[in-house]
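Take a look at the structure below.
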Amino acid sequence: MYEHLETADPALVESGKLKRVAVDPVSRVEGHGKVTLLLDENNKVQQARLHIVEFRGFEKFIQGRPYWELPVMVQRLCGICPVSHHLAAAKAIDQLVGVDPVNLPPAADKLRRLLHFGQVLQSHALHFFHLSSPDLLFGFESEIGKRSIVAVLTDYPDIGLQGVKLRKYGQEVIRMVSGKRIHGTGAIPGGMNKALTKAECDYLKQDIAQIVIWAEAALQLVTKVHTSNLPYYDDFATIRSKYLSLTKPNGALELYHGGIRVKGEQGETLVDHYDYCTYPELIREEVRSWTYMKFPYLTSLGKTDGWYRVGPLARINNCDFIDTPLAESARVEFKRHSGEAMVHSTLAFHWTRMIELLHCAESIQALLDDPDLLSNDLVAKGEKRHEGIGVIEAPRGTLFHHYQIDENDIVTKANLIVSTTSNNTAMNESVRQVAAEYLSGRELSEPLLNNLEVAIRAYDPCLSCATHAVGKMPLQLELIDAEGKLVDTLIRHSSGEFIHSSA
Amino acid sequence: MSGTLCIDGIAVPFSDGQTIIEAARTAGVYIPYLCHRPGYAPYGSCKLCTVKVNGRTNTACTLPAADGQTVISNSPDLQHDRQRITQMLFVEGNHFCPSCEKSGNCQLQAVAYHQNMLDNHYPHFYAQRELDASHPDILIDHDRCIFCNLCVRASKEKDGKEVFGIAGRGIHKRLIVNSPTGKLKDSDISVDDEAAHVCPTGAILVKRSAYLAPIGERIYDHHPISEVACERAVLEAGAATGYPSCDQTKLPQNGGPDSHYAATMPPAPDIKHGR
Ligand code: SF4
Ligand code: FES
């Protein structure tokens, strides 16, 4: 589709006919996202790259450490979803002590699920809070679009505050289960280190009905925003792709444990109920010279066609149903709106994220009535193994943790595929799409940068730059010509301040 | 000999053979320590317990208590030095509390909290020390060794073995294992030995016991080390009836002999007991 834009014709670069809009890794402003655009002499976008450097070195760092440190240590990987890493690593080290997911004591399984629902809830709520800010308007160029969203927002005056409270509630769930709001413990090899007390359970029950109501309102808002300007929302940064996610054995939406399902562009099932322990056969990772981040692809389809998207959009697209009623009717409405088997709109990530927010709230509500949460039968034991794989649906998508250990319990090899890596090709595709369709023939401008932000943010990538409010994402663009000469720079800091300097 | 000494204005009784630190501890007065351990012979290597006794600097863990001694422990100067000693220990090894399994149960971490240690102060050494995971049940993470010698003494004096030793000096100091290969698996340590459990940091660990204690049930989760170190009953009595005071002119604030650091000092820790 837009693949031709990734690597520009070398002859054009050679001849100096192309100018490059680049943010070079070396001159990268700390905490800023960066996008490279390679332009030809007519300011037509020839190439677009999103640069991500956040995950280097961690796999090396954990080599040589004892495996039981992993669930706590890997929480340092991500400031936004530490619990997802905690649980993915925990699932992997369960296997190292010979415990498969089916053999986990029910109490441990349910406590981990509760913990994970809390995590997804708080992460999605954080994202939602960004969106619910009137700054949502940044990056939208059409006046009509702006007005319709302002109108929608006036119907939800307290929505910002509710976003904050939703997040707080998710964090309280995490604190009750793991001891701390961030970087708690909780999961240990083969189980959990504590049950919930009755008092902790009752504490969480107090507010859950309200949380479900707020989650419904958040979903309604996002649905209205999306449907208020369908052509825009369905087309912006939109790419047709395959989708990968876990599902339950019965095809329902699943966040903690399941088999891998991949669906194609038309909704055809390419892979189903696939045991993630053999993921290295299913997925390969391609290395490209211009970025440290790898590009995973489905082995059977090859590098060019094998890329896929993960995350809320993938999960809602892939599942047959959701096993909580409110989220399920939202899913049905969502699927109906496009009239296609699969929804490919990139901005629909926001919509599906809120469907999942509601699903988490409903699931927490149901779980809190489960007496197993109070049970002290928390740890299973088994025979030591030398390899463990844990896969989970993190807020941003499927997350793989894979470890090998030696006879002394020391990690010899680690491989992690984080969701942002899985979405790497897709994010580049979307950035390219926005660049090709919205930016050609323009100078570096603020609307240009704002549009790039909107495309990147839809994926909710776990980049430090993405943790800022909408319109405040620190981004850096540089216009460099084919000889590497800096022509133009545009930086937006997290204060919202633009620095535009033409050389 | 038995009698009473005065520590920071509190009258502390002692019994025959007690050191100052033990007399203080049994009376509910905490003097920070790392290489000392109740029930172990005086050693005196970490210098954390340094106090002024009748105006002279001494280690409280080695000096026998004597009747009428005036001891100053919680002065800004001494607390400042303790904070610096703790900071040196942190930069010399690799103490990465957030992902360390000993966190919450670690004496070094607890002392650092007690000393209001908010930064490293000194540049980090980035020590490169190897892990010894060879033993099936016990792990040595040399990165966390503070050379307190407790494992050495435990093995020798309590277990009747000689599994550990400290070799080298200064920056080259290291914990060594007495075995043909130098590996723990070839030593005669057993997981039931006191030496396997005595380490105040996370340097010697029993394998597969990490994070079993949830947050909230770890040693220092609810009580600072100044309280954990002392008998609960003594602290409760002290809180209820107050600590017996001795001559108020002997308080460090009231003209204690040392004040040379006072102007640049970080705030002394807020000790909950004893005063
Ligand atoms: S291993 Fe532990 S007990 Fe032994 S000297 Fe080092 S810090 Fe002290
Ligand atoms: S405790 Fe006295 S010198 Fe270490």
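Separation of the stretch B:1-63 and the stretch A:204-258, taken as the distance between their Cα centroids, equals 64 angstrom.
At a threshold of 10 Å², the residues of the stretch A:173-207 that become less accessible to a 1.4 Å probe in the full protein assembly than in their chain on its own are A:179, A:180, A:185, A:188, A:193, A:194.
Report the gain in length on full extension from residue A:235 to residue A:376: 0.36 nm times residue separation, minus Cα-Cα distance, nm rounded to one decimal.
In short, 45.6 nm is gained.
Note on the stretch B:96-174: Rg/Rh from Cα positions, Kirkwood definition for Rh, rounded to two decimals, is 0.98.
Using a Förster radius of 41 Å, what is the FRET efficiency between residue B:221 and residue B:15 based on their Cβ-Cβ separation? Nearest 0.05, please. It comes to 0.80. The B-A contact accounts for approximately 1700 Å² of buried accessible area, totalled over both chains at a 1.4 Å probe radius. When each of the peptides B:8-20, B:198-210, A:403-415 is scored by the mean number of other C-beta atoms lying within 10 Å of its residues, the order from highest to lowest reads B:198-210, B:8-20, A:403-415. A protection proxy built from the mean count of other Cβ atoms within 10 Å ranks the segments A:292-305, B:22-35, most packed first, as B:22-35, A:292-305.
So, R0 is 41 Å and r is the distance between the beta-carbons of residue B:158 and residue A:100; what FRET efficiency does that work out to, to 0.05? Could you put the intermediate results ahead of the total?
Details: r = 42 Å, r/R0 = 1.02.
Using R0 = 41 Å, I get an efficiency of 0.50.
Averaged per residue, what accessible area in Å² does the stretch B:89-206 show with a 1.4 Å probe, protein chains only? On a per-residue basis, the stretch B:89-206 sits at 46 Å².
Solvent-accessible surface of the stretch B:1-56, averaged per residue with a 1.4 angstrom probe and all protein chains in place: 35 square angstrom. Counting Cβ atoms of other protein chains within 10 Å of each Cβ in A:409-417 and taking the mean gives 1.
Counting Cβ atoms of other protein chains within 10 Å of each Cβ in A:70-77 and taking the mean gives 3. Modelled label positions at residue A:182 and residue A:266, each set 7 Å beyond Cα in the direction of Cβ, lie 4.7 nm from each other.
What is the calculated FRET efficiency for residue B:131 to residue A:168, with r their C-beta to C-beta distance and R₀ = 41 Å, to the nearest 0.05?
Details: r = 40 Å, r/R0 = 0.97.
After rounding to 0.05, the efficiency reads 0.55.
Contact with the other protein chains removes 10 Å² or more of accessible area, compared with the isolated chain and a 1.4 Å probe, from these residues of the stretch B:77-104: B:96, B:98, B:99, B:101.
Were the residues from residue A:59 through residue A:407 laid out at 0.36 nm apart, the gain over their Cα-Cα distance would be 123.3 nm. Working note: Karplus 6.51/-1.76/1.60 with θ = phi - 60° gives the stretch B:193-198 the couplings 5, 4, 4, 7, 10, 8 Hz, where Gly and Pro are set to x. For the stretch B:73-88, backbone phi angles converted through the Karplus equation (6.51, -1.76, 1.60; θ = phi - 60°) give residue-by-residue couplings of 10, 8, 8, x, 4, 5, 5, 4, 4, 5, 4, 5, 4, 4, 4, 4 Hz, Gly and Pro being listed as x.
Other chains near B:203-214: what is the mean number of their Cβ atoms within 10 Å of each residue's Cβ?
Details: counts 0, 0, 2, 0, 4, 9, 2, 11, 12, 7, 4, 11.
Across the residues of B:203-214, the mean count of other-chain Cβ atoms within 10 Å is 5.
The values are calculated or read from the model by the stated rules, or taken from the named source; none is laboratory data. Bear in mind that the values here come from a model prediction, so they are computed numbers and not experimental data. Reconstructed Cβ throughout: ideal geometry from the backbone, glycine too, with neighbour counts over all protein chains shown. These area figures cover heavy atoms from the full protein model, side chains too; ligands, DNA and RNA do not enter into them. Shrake-Rupley method; radii C 1.70, N 1.55, O 1.52, S 1.80 Å.
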